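Worksheet: one structure, shown below.
The numbers here are math on the coordinates, done by the rules we state, and not lab data. Since we're looking at a predicted model, the values are computed, not measured. Every residue, glycine as well, gets a Cβ built from its backbone with ideal geometry; the counts of neighbours run over all protein chains shown.
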Amino acid sequence: MPHQVTLKEVAARAGVSYQTVSKVLNKQIQVSKETEERIRQAVEALGYRPNLIARNMRQQRTRLIGYSWQPAPPDQGNAILDLFLQSMAQAAEGAGYHLLCFPHRSEGDVIAAYRDLIETHRVDGFVISSVEFDDERVRFLRQQNFPFVAFGRSNPEWDFPCVDVDGADGMRQVVEHLLHLGHRQIAALAWPEDSRVGQNRMEGYRAALQAAGIAPRPEWIQRGPGVVDFGQAATARLLDLPAGQRPSAIVAFNDIMAIGAMRAAETRGLRVGADVAITGFDDHPMVQYLRPSLTSVRQPVWEIGQRVMMMLLDVLDDRLPQTACVLIPPRLIVRQSSGGPIT
């Protein structure tokens, strides 16, 4: 895919701010002839293409923002998604916009709905989430030069506006917490290797162990879907390892797998938090009510929803470079399941 030149790059070449470039190109301000000429030359040299779709739509906006998510089974609620939707809706409504929600399917033509909404001029922009490597939605929207902001990063060489949680930092916090408690054999319930989010969290797990001079054994890393059954089965395999290899602590890449891990430990008659430490990630609102309560990494979901929506509104008004990306640190919430002092 050819590199998409951004306002920020034009501004850097011309020696001015990207706001100045935007306003000059949109004839919103007057600058000196010298400055205008530098901007014109930078545009031509870099081959910058303005976001014509967004500019045209600005004259007759729909005031609708498209958002799609992967549907969950009817019997499985998603409190984190509910919070994210509420946060985005509040931020959008405060600026006179509303959300247009539609389901995202992983099979078939995943961009068909996006193409239809663009061609029928029914939305001003999109928010996308659950972003993966080589994400077809990111590829398509960048090719269309259509306004969007993502909750999550994708390929490192792709520039696009996004907000993401620093999963590596979150997992580093978990492992360092367990190391501080004296654990040296720390296993991980991880997602498959092609998971973008999973890879990011695995970086933090490995980095924290490496900093402590510990090389994780291959059998400590169990990969599979982020569901209860996998967490339970993988933990059973870990607990079957010989005494010298058996982990004393298990970090799960989400709270759902951690619940499965707790089941497996309890089935063996082990006390979670005393005989084996178990931690999760996401800090689902219900995990504080488990017995024992689950140590987890809290993602600032409300802040993310607000930031994503405000960023998209800035993109629509050319107040933000198309390459801007914000990385938000998560917070470790220590409870009973890790066996340490509760914060």
Largest to smallest principal axis extent of the C-alpha atoms in region 7-50, angstrom: 22, 18, 14
Expressed as an acute angle from 0 to 90° and rounded to the nearest 10, what is the orientation of the C-alpha long axis of helix 228-239 relative to the principal long axis of the chain? 50 degrees
Distance in nm between pseudo-label sites at S130 and R298 (7 Å out along the Cβ direction from Cα): 2.6 nm
Where only C-alpha atoms are counted, convex hull volume of region 254-334 per residue in Å³: 94 Å³
About the Cα centre, charge dipole magnitude for region 7-50 (Lys/Arg +1, Asp/Glu -1 at Cβ), debye: 120 debye
Residue exposure sequence - V315, V334 - by fewest surrounding Cβ within 10 Å: V334, V315
Per residue and in Å³, how big is the convex hull formed by the alpha-carbon atoms of the chain? 157 Å³
Under the rule of -39500 (n - 2.57) per DSSP H run of 4 or more residues, summed and divided by the residues of the chain, what mean residue ellipticity at 222 nm is obtained, to the nearest 500 deg cm²/dmol? -12500 deg cm²/dmol
If you stretched the chain out fully between D194 and A112, how much longer would it get, using 0.36 nm times the residue separation minus the C-alpha to C-alpha distance? 27.1 nm
Residue separation between A211 and I328 times 0.36 nm, minus their alpha-carbon distance, gives in nm 39.8 nm
Over the chain, what is the relative contact order in percent, taking alpha-carbon pairs closer than 8 angstrom and at least six residues apart? 19 percent
Counting only DSSP beta bridges with both partners in the chain, the antiparallel fraction in percent, to the nearest 5, comes to 10 percent
To the nearest 10 degrees, the tilt of helix 196-211 (Cα long axis) against the first principal axis of the alpha carbons of the chain is 60 degrees
Multiplying the sequence separation of Q60 and I80 by 0.36 nm and subtracting their Cα-Cα distance, what value in nm do you get? 3.8 nm
How big is the gap, in Å, between the Cα center of region 121-151 and the Cα center of region 263-324? 23 Å
Ordered by number, the GluC sites (Glu not before Pro) in region 159-206 that occupy a DSSP loop and have at most 14 other Cβ atoms within 10 Å are E193
Angle between the chain longest axis and helix 301-316 axis [Cα atoms, degrees, rounded to 10]: 20 degrees
